[in-house]
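To start, the structure itself, in structure tokens.
The values are calculated or read from the model by the stated rules, or taken from the named source; none is laboratory data. If you're wondering where the values come from, they're calculated on a predicted model, not measured in any experiment. Cβ atoms come from the backbone with ideal geometry, glycine included; neighbour counts cover every protein chain shown. Ligands, DNA and RNA are excluded from the accessible area calculation, which covers all protein heavy atoms including side chains. Shrake-Rupley method; radii C 1.70, N 1.55, O 1.52, S 1.80 Å.
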Amino acid sequence: MYTAAQETGGNLGGAGLIEMPNARLRRDGTLEASAAIRRQRDFYALSLQALPWMQAVFRVADRLNATTGRGNTTDRSFDLRIRLWEEDDFLPALAVGLQDLAGTGIYAGEYLVASRRIGPVDVTIGMGWGRLGSAGDVTNPLSVGAPGFRRRPRDVGQGGRPDPRVWFRGPEVALFGGVELQVPGVENVRLKLEYSGDERRDERRRAGEAGSRINAGVQWSDEHFDAGIFFVHGTDVLFRLSARFDAGAPPRAARPDPPRLTPRLREADGGALGEALAAQGFRLLALDLNASEAVIAFTGGRFRTLAQTVGRVVRAAQPALPARIEHLTLAWWRDGVEIARVQLLREAMEAASLGHGSYEEVFATARLLRAGNPLPRGGAAPGLGLDWGIEPRLRLSFGDPRETLLYQASLVGGARVALGAGFAIVGGLQHAFAQNLDRAAPSDSQLPRVRSEAARYAMGAEHLAIPALYTERIWAPALNVFARATVGYLEPMFAGVSGEVLWRPNDQPFAIGLDLAWVRQRAFEQDARFRRYTVTTGHLSLHADLPLWNLHATVRAGRYLAGDWGATLELSRRFDSGVEVGAFATLTDAPFRMFGEGSFDKGIFLRIPLDLFGVESRSSAGATIRPVQRDGGQRLAVDNPLYELTRDGRADDFRRGAGEFLR
């Protein structure tokens, strides 16, 4: 019986043979980055086992310019592989796939493939269409009785959009296959041999034909890495490297043990609570003591989940609270508004910390209440406070038409001055000390150039730039209802006035928001000056948890920065580790020809929490990868979108983080 632990990677990203696909998939949640290097064509890929039965790959090819026959150009591709059924005692694994389904079509192809393990040998046989069928071994079987399948249209327009009219079409298909042998007595080493369905070495006409359809090589693999060397097309040596991890259970640095939960002190009266919380990175806003209940309102903290935050507050407060207190109500405030309110039994935390109970028992006694309450009796609104920091920042752009990788390394200093009652002044300074982002392709947009002048804004950051400087207020006009009003330099490219309202029921799997802004484009130097362009933009948003695989969907509809009207669909998967991956696509009334290369805005994003690296922080390192940056479908990027600000106070996030009560 085949097991997923026997997977190895292919040169185009994800699991595979060498240049050809197989029917194998990685473990659910596996995230992998790979590079396949050979003369005149390199592949760089990011692949995700997005669902137990679906693999997704985003790939950039740095390849020979077939038009001129010299020099390189880049090409972006997106692939999907769907498993139709798993291998069992009688049947092989069977998968269907779409390669380069939303790119320029240069590598576009489809396939049906089966894999079967026989002892130490994994055998694969498949049929390819398009680029994977370019060898043309037999007549397309789908064209028998359906003549429309004999013709494969080649017009991709601006590229970047799926075109079902070409799928599984063409006069001929090619057969491909291969074997993968676990070398006896040599751990983690496999020999690979394949017969390719792709007759081409590169994209030149006659000169681009492969010298051979047989590819072979050796690959070493362990739990997290692949490395291989192959001889392909009868002419080229290829090197492949990849690194991967399970997004649901990634490797993480050792975390320090939580502070010990001390016994109750009979003489405690709550007077030392502020000092005790401050020692753990929190700030006491209010304390209300009743006969057997304590209501504690606090802000701050370095912990990602609500459960860990609650657990640390209880540990810090334990020696300061009167011994008679049995019920705790903890109100977590962030940026001037209560985002979560939790009730729990003090005794349950005490028992669990001593090993006489479990986090499940703590969670069973806890209740998540509606958020947005005023401060408890006797409390005062959060007063003047200063939060500041200086940090390096790295911005990456993957797959620009001119360069495979663009980057900008900056030093950024920022500060937030809390004025009380939810008001704050926020600002920052940025200096880019190393970059090639300023060499991005110049804009040729037919739409208002709201994002495509990224290179000129990058040049402006080489001097001291102001990425943001604004005043805002965040508050709760009603329970589970949150509001934000912001005025100033909102982001590096736009300044103006922005407002937002969010209804986020704490115990429901959905939230509804509305944002509206009037903005004016900022000068490329990102100083106090402006350009002439102005626009009113805004969206109605629906956020919803889906019932399977921890999927989350967001749908936004409204007017975008270029004045185009349309909607965005965003699908993401947030693992219990805090790692989040997703994809988005926006369609607007901007015609594909006006949008330009790529046809419409789309991309993938990745967020990795910093606490995986042993840092006690709520922050995440993230990246958004677009095939190409254009102007259609672009939204305003404010620092504090309300859903992200209040997300940790939702019942689903609370439940999934319950294991952190005792950390």
Check your understanding: Is at least one residue of region 9-18 part of a loop (DSSP other than H, G, I, E, B), open to solvent by less than 10 Å² (accessible area, probe 1.4 Å), touching a helix residue (DSSP H, G or I) at 6+ places or on another chain (Cβ under 8 Å) and modelled with pLDDT of 90 or more?
Key -> no
Point to revise | Where Q40 falls short, out of the listed (1) more than 17 Å from the chain's Cα centre (by Cα); (2) open to solvent by less than 10 Å² (accessible area, probe 1.4 Å) | key: (2)
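Okay, residues lined up against (1) open to solvent by less than 30 Å² (accessible area, probe 1.4 Å); (2) modelled with pLDDT of 85 or more; (3) in a strand (DSSP E or B); (4) more than 30 Å from R59 (Cα to Cα):
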| position | (1), (2), (3), (4) |
| --- | --- |
| W388 | no, yes, yes, yes |
| P392 | no, yes, yes, no |
| S397 | no, no, yes, no |
| R402 | no, no, no, no |
| Y407 | no, yes, yes, no |
| V412 | yes, yes, yes, yes |
| R416 | no, yes, yes, yes |
| L419 | no, yes, yes, yes |
| A424 | yes, yes, yes, yes |
Study note, to complete from the structure: If we keep only residues of region 427-444 that are open to solvent by less than 20 Å² (accessible area, probe 1.4 Å) and hydrophobic (A, V, I, L, M, F, W, C), then the residue modelled with the highest pLDDT is A432
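For (1) within 21 Å of the chain's Cα centre (by Cα); (2) open to solvent by 30 Å² or more (accessible area, probe 1.4 Å); (3) farther than 22 Å from D163 by Cα; (4) at pLDDT 95 or above, each residue gets a yes or a no:
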{"position": "A36", "(1), (2), (3), (4)": "no, no, yes, yes"}
{"position": "A66", "(1), (2), (3), (4)": "no, yes, yes, no"}
{"position": "D100", "(1), (2), (3), (4)": "yes, no, no, no"}
{"position": "L112", "(1), (2), (3), (4)": "no, yes, no, yes"}
{"position": "P120", "(1), (2), (3), (4)": "no, yes, yes, no"}
{"position": "T124", "(1), (2), (3), (4)": "no, no, yes, yes"}
Point to revise | Residue in region 461-491 that is surrounded by the fewest Cβ atoms within 10 Å (Cβ to Cβ), counting only those that are free of Cβ contacts under 8 Å to residues at least 40 places away in the same chain and assigned to a loop (DSSP other than H, G, I, E, B) | key: L464
Review point. Which residues, taken from region 633-663, are open to solvent by less than 40 Å² (accessible area, probe 1.4 Å), of a type outside the set (D, E, K, R), touching a Ser or Thr at 6+ places or on another chain (Cβ under 7 Å) and more than 24 Å from G499 (Cβ to Cβ)?
Key: G657
Review point. Do the conditions hold for F78, that is, is it touching a Pro at 6+ places or on another chain (Cβ under 8 Å), open to solvent by 40 Å² or more (accessible area, probe 1.4 Å) and either without any contact (Cβ under 8 Å) to a residue 12 or more places away in the chain or more than 19 Å from V173 (Cβ to Cβ) (or both)?
Key: yes
Practice item. Restrict the check to region 45-56 and report whether at least one residue is in contact with a Lys or Arg (Cβ under 6 Å, 6 or more places away or on another chain) and hydroxyl-bearing (S, T, Y). Key: no
Revision key, fill the gap. Of (1) farther than 24 Å from R154 by Cα; (2) out of contact with any Pro (no Cβ under 9 Å at 6 or more places or on another chain); (3) in contact (Cβ under 8 Å) with a residue 40 or more places away in the chain, A114 satisfies every one except (2)
Point to revise | Subset of region 564-616 [within 11 Å of the chain's Cα centre (by Cα), aliphatic (A, V, I, L, M) and either open to solvent by 20 Å² or more (accessible area, probe 1.4 Å) or modelled with pLDDT under 90 (or both)] | key: L571, A583, I604, L606, I608
Exercise for review: Return a yes/no flag: does region 443-451 have any residue that is touching a Leu at 6+ places or on another chain (Cβ under 7 Å) and touching a residue at least 12 places away in the same chain (Cβ under 8 Å).
Suggested key: yes
